[in-house]
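The values are calculated or read from the model by the stated rules, or taken from the named source; none is laboratory data. If you're wondering where the values come from, they're calculated on a predicted model, not measured in any experiment. Here the Cβ is made from the backbone with ideal geometry for all residues, glycine too, and neighbour counts use every protein chain on show. Ligands, DNA and RNA are excluded from the accessible area calculation, which covers all protein heavy atoms including side chains. Shrake-Rupley method; radii C 1.70, N 1.55, O 1.52, S 1.80 Å.
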Amino acid sequence: MIVVDRTLDDATATAIAIAPSAGCPADALDMGVGLLQAAGLTVFVIDDVPGLIVTRTVAMLANLAADAVAGRVASAADIDTAMRLGVNYPEGPLAWAGRWGLQSVLATLDELENWYRDGHYRAAPLLRRAVLTNGALT
């Protein structure tokens, strides 16, 4: 089996990260890479680790941003603007999380927390509350 990491937008992505699961035959990985390359994508083969790269990174950024909103460091809109303009992200972490679905972000963080059990991936209370109430990160 080959696991595919997230992209900002599957329709416009030019690159993608994939990870072969344990026991994935080398020829299956080669075929998967070839198929994605034939579709015009640059393919990065990475280790199969929980959350892969993009999913884990964006989930963490959204979680930290939710914590900042809860601590009144800045508004959600200001955090997204700062990340877009300050570090040239294509989308702010909270907007990105909203597009993926807050429930999906929370599930990713919970799975990472269950895997690592070190508190590093503990979901921000505001994020958990927003999911439970179908609310927003404000």
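Of everything in segment 108-126, what is open to solvent by less than 50 Å² (accessible area, probe 1.4 Å) and modelled with pLDDT of 95 or more? Give them in sequence order. So that I can check it myself, show each step before the final result.
Taking segment 108-126 as the starting set, the residues that turn out to be open to solvent by less than 50 Å² (accessible area, probe 1.4 Å) are 108-110, 112-113, 119, 121, 123-124, 126.
Selection gives T108, L109, D110, L112, E113, Y121, A123, A124, L126.
Entry remark, segment 10-34: residues being farther than 26 Å from R99 by Cβ and not charged (D, E, K, R) number 12 in total. Residues in segment 77-112 that are more than 20 Å from D9 (Cα to Cα) and charged (D, E, K, R): D78, D110, E111.
Residue by residue through segment 66-96, note down the ones that are within 20 Å of Y116 (Cβ to Cβ) and of a type in the set (G, A, S). A66 - this is the single residue of segment 66-96 that is within 20 Å of Y116 (Cβ to Cβ) and of a type in the set (G, A, S). Note on segment 70-88: residues that are in a helix (DSSP H, G or I), surrounded by 10 or more Cβ atoms within 10 Å (Cβ to Cβ) and free of Cβ contacts under 8 Å to residues at least 60 places away in the same chain total 10.
Which residues, counting only those in segment 16-48, are under 20 Å from the mean Cα position of the chain (by Cα) and loosely packed, with under 12 Cβ neighbours inside 10 Å? Result: S21, T42, D47. Name every residue in segment 89-99 that is farther than 22 Å from P125 by Cα and open to solvent by 60 Å² or more (accessible area, probe 1.4 Å), in order of residue number. Scanning segment 89-99 gives Y89, P90.
Restricting segment 127-136 to residues that are within 17 Å of the chain's Cα centre (by Cα) and closer than 24 Å to D9 by Cα leaves a set whose member that is most open to solvent (accessible area, probe 1.4 Å) is V131.
Looking at this structure, is L52 surrounded by 15 or more Cβ atoms within 10 Å (Cβ to Cβ) and farther than 21 Å from Q103 by Cα? Give the steps one after another, and end with the answer.
On the way: surrounded by 15 or more Cβ atoms within 10 Å (Cβ to Cβ): yes; farther than 21 Å from Q103 by Cα: no.
For L52, the condition - surrounded by 15 or more Cβ atoms within 10 Å (Cβ to Cβ) and farther than 21 Å from Q103 by Cα - is not met.
Determine if segment 43-66 includes at least one residue that is assigned to a loop (DSSP other than H, G, I, E, B), at pLDDT 95 or above, among the small types (G, A, S) and within 23 Å of L106 (Cα to Cα). Within segment 43-66, not a single residue is assigned to a loop (DSSP other than H, G, I, E, B), at pLDDT 95 or above, among the small types (G, A, S) and within 23 Å of L106 (Cα to Cα). Scanning segment 6-20 for residues that are closer than 18 Å to A38 by Cα and either touching a residue at least 60 places away in the same chain (Cβ under 8 Å) or in a loop (DSSP other than H, G, I, E, B) (or both) returns T7, D10, A11, T12, A13, T14.
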